[in-house]
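Asks: Please see the structure below; I have some questions.
The values are calculated or read from the model by the stated rules, or taken from the named source; none is laboratory data. For clarity, every value in this text was computed on a predicted model and none was experimentally measured. Glycine gets a Cβ as well: all are built from the backbone with ideal geometry, and neighbour counts include every protein chain shown. Accessible surface areas use protein heavy atoms only, side chains included; no ligands, DNA or RNA. Shrake-Rupley method; radii C 1.70, N 1.55, O 1.52, S 1.80 Å.
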Amino acid sequence: APTESQQTVDQVALTPKTVGAFTDISRKLLKQSSIDVEMFVRNDLATVLALAIDLAALHGSGASNQPTGIASTSGIGSVVGGTNGLAPDWSHIVDLETEVSVDNADVGTLAYITNPKVRGKLKQTEKASGTAQFVWERGNTPLNGYAAHVTNQVASNLDKGTSVGVCSAIFFGNWADL
């Protein structure tokens with residue numbers, strides 16, 4: 001006999017957020033510059049806005065009209081690197097993938113994102129001692145066959161136990177659904 005399925009449905013309330021940027025352009029700049037000054041200013045403003053959106057998506061507090069970022073979202077699978085922080089290693093990478101898979105969320109555009117400090121550490125960390133195979137490899141899929149991206153928007157000044165202001169984050173998930 002077939003087994004009845006029990007779907008779980010939830011509703012997530014969405015609240016629109018906005019971000020803005022501005023810059024001053026002097027009359028002198030407009031007079032002395034080429035026509036490209038407008039594109040220069042547009043690109044600068046677009047970069048400022050994109051950085052603000054990325055930071056909010058990753059580390060938004062959910063307070064003061066900020067969206068709740070991934071790091072502040074409760075109930076998602078996370079991998080803790082020790083009571084007082086711990087340098088990442090191969091087991092942490094595999095555990096991150098496992099946490100996503102346990103939640104049946106290992107679909108779509110899966111990739112890692114972290115900061116330059118973590119990338120540097122993982123390029124020096126062997127998967128197993130004496131193998132000369134490092135956690136962060138070269139190529140388009142450097143972390144266990146998945147893409148990995150690096151940005152300074154991922155915090156490197158986090159606290160964990162007695163390690164204050166020196167811990168970093170690394171995220172793994174389906175970025176197309178962010």
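Asks: Need one number: nm distance between label points at V80 and V37, each 7 Å from Cα along Cα→Cβ, rounded to one decimal.
Replies: 5.6 nm
Asks: Okay, next question. Show E38, E126, E4 ordered by accessible area, largest first, where the area counts protein heavy atoms only and the probe is 1.4 Å.
Replies: Sorted descending by solvent-accessible area, the residues read E4, E38, E126.
Asks: Using a 1.4 angstrom probe and counting only protein chains, how large is the accessible area of S34 in Å², to 10?
Replies: Rounded to the nearest 10, the figure is 70 Å².
Asks: Can you compute the FRET efficiency between T98 and D177 using 1/(1 + (r/R0)^6), with r the Cβ-Cβ distance and R0 = 25 Å? Round to the nearest 0.05.
Replies: 0.85
Asks: Could you put I70, I35 in order of accessible surface area, largest first, with the 1.4 Å probe and the full protein assembly present?
Replies: Largest to smallest exposure gives the sequence I35, I70.
Asks: Can you tell which of D24, D106, D54 shows the greatest fluctuation in a Gaussian network model of the chain with Cα springs below 10 Å?
Replies: Of D24, D106, D54, the Gaussian network model singles out D24 as fluctuating most.
Asks: For volume of the Cα convex hull per residue in Å³, the choices are [x] 268; [y] 220; [z] 186; which was calculated from the structure?
Replies: [y]
Asks: Here's something else I'd like to know. Can you give the accessible area of H149 in Å² (nearest 10), computed on protein heavy atoms with a 1.4 Å probe?
Replies: 100 Å²
Asks: May I pose another question? Checking understanding here: applying a Kyte-Doolittle mean of at least -1.0 and a length along the axis of at least 15 Å (C-alpha), which whole DSSP H helices in the chain pass?
Replies: Qualifying helices, which must be both long enough and hydrophobic enough, are 37-59, 90-102.
Asks: Using only protein heavy atoms and a 1.4 Å probe, report how much of S64 is accessible, in Å² to the nearest 10.
Replies: 120 Å²
Asks: Right, another one. Modelling each spin label as a point 7 Å along the Cα-to-Cβ direction, I'd like the V12/V48 distance in nm, to one decimal.
Replies: Computed distance between label sites V12 and V48 equals 3.0 nm.
Asks: While we're on this one: At 1.4 Å probe size, put R138, R42 in order of accessible surface, largest to smallest.
Replies: R138, R42
Asks: Please compute the contact order of the chain in relative form: average sequence separation of alpha-carbon pairs under 8 Å and at least six residues apart, divided by the residue count, as a percent.
Replies: That works out to 19 percent.
Asks: Given the options A46, S34, L58, identify the residue whose Cα lies farthest towards the positive end of the charge dipole of region 1-60 (+1 on Cβ of Lys, Arg; -1 on Cβ of Asp, Glu).
Replies: S34
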